[in-house]
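Okay, structure first, notes after.
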Amino acid sequence: MAWREYHEFTKHTVEKLRRTRYSLDWANMPNPFRHYEGVPVLDLPADPPAPQIPALEVLEGRPGNTLAKDGAAFLSQLLFYSASISATKRVPSTGGTYALRVNPSSGNLHPTEFHFCTRGLVDWPDGLYHYRPSSHMAEQRAIGDFVSKLTDTTAPLVFVLTSIAWREAWKYRDRAYRYCLHDIGHAWQSLALAARAMGCESFALGQFLDDKVSAACLLNDDEWPMLLVTLRGQSIPVATRGPVETVFFRGEPNRLSDEQVPYPRIEQIHAATKLLAGTAISPDPPKPNGRGEIKLPAPVSASRSFGEVVRNRRSALDFRGGEESMSVAQLATLLASTGKPLLADFATQRFVQLYLYVHRVEGLAPGVYRCWPERAELENIKQGDQRLVAAALSLGQDLAGNACVAFSMIGDFESAARRYGDRGYRYAHFEAGAIGQRMYLAAEALGLRATGIGAFFDDEVHKYLGLAPEQGQVVYHFAVGHPVLDPRLEA
């Protein structure tokens, strides 16, 4: 299948890295912000109120609430806590600054764009919009009922998460498609959890006709729809409204860089994972059923609010190492946050299994463990100090060894492909990104910090964990611990 050929080609090996020389063309770096020229721009109220429900309660599935009385206030709060700029960093050598956002991104390159369609929001025109995070505004690309063009749902709000692969390929080349998919998983959960903190629920749709959605959303050729997310709930301010005449503004998308280098393998894997017509879905294969000898304690609670956690979340550049540790109860809380159901049409079965490299967890001996979330148990795979191994497998990045715990997310691509064909490759990556986003917020709520790691020696991970190809392949690495202070960070 196409996914297998692409995945094999984009694996990291020592030999491939040694023979490949690549320097970044900084003058041609893509703009991380898309905007549209010639369209109306609608203001979103500044400084929306922060959801006060504790972040860990949101991760457990409990809804919060919002005081938003109209569409502009609701959208402002939702986007401020799911997709907006949260801080800046200053480059010491040049004095220049660049933005960080509440939704993380590999290399801070942000291939994901947030488009949305509204229907019936109070004092907000029905239509098609694009979120402009650089100024926290909504670009109005069309007026009319675009929700019904995308789905048969009665939801008043539908988001379309898209990827601009060139932003990632500029740095990561052919492997960039993997990172685009991770980023969609992060953005999906960033949006879904913000919605829950405001008292409404979401449902993600991965089974859609790509070209139909691209046309309906007036997308440029360099931008691909990846996921639809519907939002509904009594907290969304809606009013009865009659039919609205369709008016197109469209707009001209900004040019992201002087030159866009083609990556045919990315084009090919994306084409292979597109849906061009309705497809039959194969029955679920049997789910793996196992258990470990170590029962995890109950998760702990923490009072930090969702709003505070989201706005202060950062990706750790490194961890302090040394003797600082986390408790096994904190680890149990992290793992519990990843085991909750993911609400999506492709999430009836989980495709990602967590393996842990435990370095410094009080109450748990150093070693490699497999997590069985249904029973909240750990199975010991290897014993002993794993710090050097975790770092070496993560392309020699010390942060994987300096963390209190590091993770290998193992994706069952074979099961995903049996059920969904090549498109299942997207879903396994979406799930890994979703797990990562939930661990980001749980770690921050617990006074720790996390970072996603997309670079690793794929087959060496499999060998070390003793995994045959049919047992899964590594899809993402992750690390959690006590962060090193980043002096470049500004409010």
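Looking only at the stretch 223-234, residues that are open to solvent by less than 30 Å² (accessible area, probe 1.4 Å) and assigned to a loop (DSSP other than H, G, I, E, B) come to 1 in all.
Quick one: which of A450, A417 is part of a helix (DSSP H, G or I), at pLDDT 95 or above and either surrounded by 23 or more Cβ atoms within 10 Å (Cβ to Cβ) or over 13 Å from the mean Cα position of the chain (by Cα) (or both)? Talk me through it step by step, then tell me what you get.
Numbers: A450 fails: part of a helix (DSSP H, G or I).
Matching residue, one of A450, A417: A417.
Residues in the stretch 363-387 that are more than 24 Å from P299 (Cα to Cα) and either of a type in the set (V, I, T) or open to solvent by 10 Å² or more (accessible area, probe 1.4 Å) (or both): K382, Q383, G384, D385, R387. Of the listed requirements (1) of a type in the set (G, A, S); (2) on the phi < 0 side of the Ramachandran plot; (3) open to solvent by 20 Å² or more (accessible area, probe 1.4 Å); (4) modelled with pLDDT of 95 or more, A390 misses just one: (3). The single condition among (1) touching an Asp or Glu at 6+ places or on another chain (Cβ under 9 Å); (2) open to solvent by 20 Å² or more (accessible area, probe 1.4 Å); (3) in a helix (DSSP H, G or I) that V309 does not satisfy is (2). Residues that are outside any helix (DSSP H, G or I), open to solvent by 10 Å² or more (accessible area, probe 1.4 Å), in contact (Cβ under 8 Å) with a residue 60 or more places away in the chain and more than 26 Å from D222 (Cβ to Cβ) do not occur anywhere in the stretch 101-109. Of the set (1) of a type outside the set (G, A, S); (2) open to solvent by 10 Å² or more (accessible area, probe 1.4 Å); (3) in contact with a strand residue (DSSP E or B) (Cβ under 9 Å, 6 or more places away or on another chain), all apply to W166 but (3).
Being at pLDDT 95 or above and over 20 Å from the mean Cα position of the chain (by Cα) is a property that G95 lacks. In the stretch 202-214, the residues that are free of Cβ contacts under 8 Å to residues at least 24 places away in the same chain reach residues that are of a type in the set (S, T, N, Q) and surrounded by 19 or more Cβ atoms within 10 Å (Cβ to Cβ) with C-beta atoms within less than 9 angstrom, at least six apart or across chains, in these pairs: S214/T162.
Checking the structure you have, find out if any residue of the stretch 414-428 is touching a Ser or Thr at 6+ places or on another chain (Cβ under 7 Å), of a type in the set (A, V, I, L, M) and closer than 25 Å to P104 by Cα. The answer is no, given that none of the residues of the stretch 414-428 is touching a Ser or Thr at 6+ places or on another chain (Cβ under 7 Å), of a type in the set (A, V, I, L, M) and closer than 25 Å to P104 by Cα. Here is a check on your reading of the model: is D145 within 30 Å of V238 (Cβ to Cβ), among the charged types (D, E, K, R), open to solvent by 20 Å² or more (accessible area, probe 1.4 Å) and touching a residue at least 40 places away in the same chain (Cβ under 8 Å)? It is true that D145 is within 30 Å of V238 (Cβ to Cβ), among the charged types (D, E, K, R), open to solvent by 20 Å² or more (accessible area, probe 1.4 Å) and touching a residue at least 40 places away in the same chain (Cβ under 8 Å).
For (1) closer than 30 Å to N28 by Cα; (2) not in a loop (DSSP other than H, G, I, E, B), each residue gets a yes or a no:
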position: L191; (1), (2): no, yes
position: F208; (1), (2): no, no
position: D221; (1), (2): yes, no
position: R250; (1), (2): yes, no
position: E259; (1), (2): yes, no
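Of all the residues in the stretch 453-491, those that are among the β-branched types (V, I, T), under 14 Å from L354 (Cβ atoms) and not in a strand (DSSP E or B) number 1.
Screening G321 against (1) open to solvent by 10 Å² or more (accessible area, probe 1.4 Å); (2) touching a residue at least 12 places away in the same chain (Cβ under 8 Å); (3) assigned to a loop (DSSP other than H, G, I, E, B) leaves a single unmet condition, (1). Just so you know, in the stretch 120-153 the residues that are under 26 Å from the mean Cα position of the chain (by Cα) and part of a loop (DSSP other than H, G, I, E, B) include one that is farthest from H429 (Cα to Cα), and it is S135. Within the stretch 436-458, not a single residue is of a type in the set (V, I, T) and either without any contact (Cβ under 8 Å) to a residue 40 or more places away in the chain or farther than 23 Å from V102 by Cα (or both).
For the stretch 453-475: of the residues being aromatic (F, W, Y) and open to solvent by 10 Å² or more (accessible area, probe 1.4 Å), which is farthest from R175 (Cα to Cα)?
First, pick out the residues of the stretch 453-475 that are aromatic (F, W, Y): 456-457, 464.
Adding the requirement that they be open to solvent by 10 Å² or more (accessible area, probe 1.4 Å) leaves 457, 464.
On the way: F457: 13, Y464: 22 Å.
Of everything passing the filter in the stretch 453-475, Y464 is farthest from R175 (Cα to Cα).
Scanning the stretch 37-83 for residues that are assigned to a loop (DSSP other than H, G, I, E, B), over 18 Å from D123 (Cβ atoms) and of a type in the set (V, I, T) yields V39, I53.
Evaluated against (1) within 30 Å of G95 (Cα to Cα); (2) in contact (Cβ under 8 Å) with a residue 40 or more places away in the chain; (3) open to solvent by 10 Å² or more (accessible area, probe 1.4 Å), A400 falls short on exactly one condition, (3).
For a quick check of your reading of the model, give me the residue pairs whose first member lies in the stretch 246-261 and is at pLDDT below 95 and exposed (fewer than 14 other Cβ atoms within 10 Å of the Cβ), whose second is among the aromatic types (F, W, Y) and part of a strand (DSSP E or B), with beta-carbon atoms closer than 9 Å and at least 6 apart or on different chains. Hits for this filter: R250/Y36. Looking at the structure I just gave you, is D174 in a loop (DSSP other than H, G, I, E, B) and either farther than 23 Å from K89 by Cα or open to solvent by less than 10 Å² (accessible area, probe 1.4 Å) (or both)? Judged against the criteria, D174 is not a match. Scanning the stretch 90-120 for residues that are closer than 16 Å to V229 by Cβ and either in contact with a Pro (Cβ under 7 Å, 6 or more places away or on another chain) or among the acidic types (D, E) (or both) returns E113, T118, R119.
The values are calculated or read from the model by the stated rules, or taken from the named source; none is laboratory data. This structure is a prediction, so every number in the text was calculated from the model and none was measured. Quick reminder, even Gly has a Cβ in these numbers, built from the backbone with ideal geometry, and neighbours come from all protein chains shown. The area values use the complete protein model at the heavy-atom level, side chains included, leaving out ligands, DNA and RNA. Shrake-Rupley method; radii C 1.70, N 1.55, O 1.52, S 1.80 Å.
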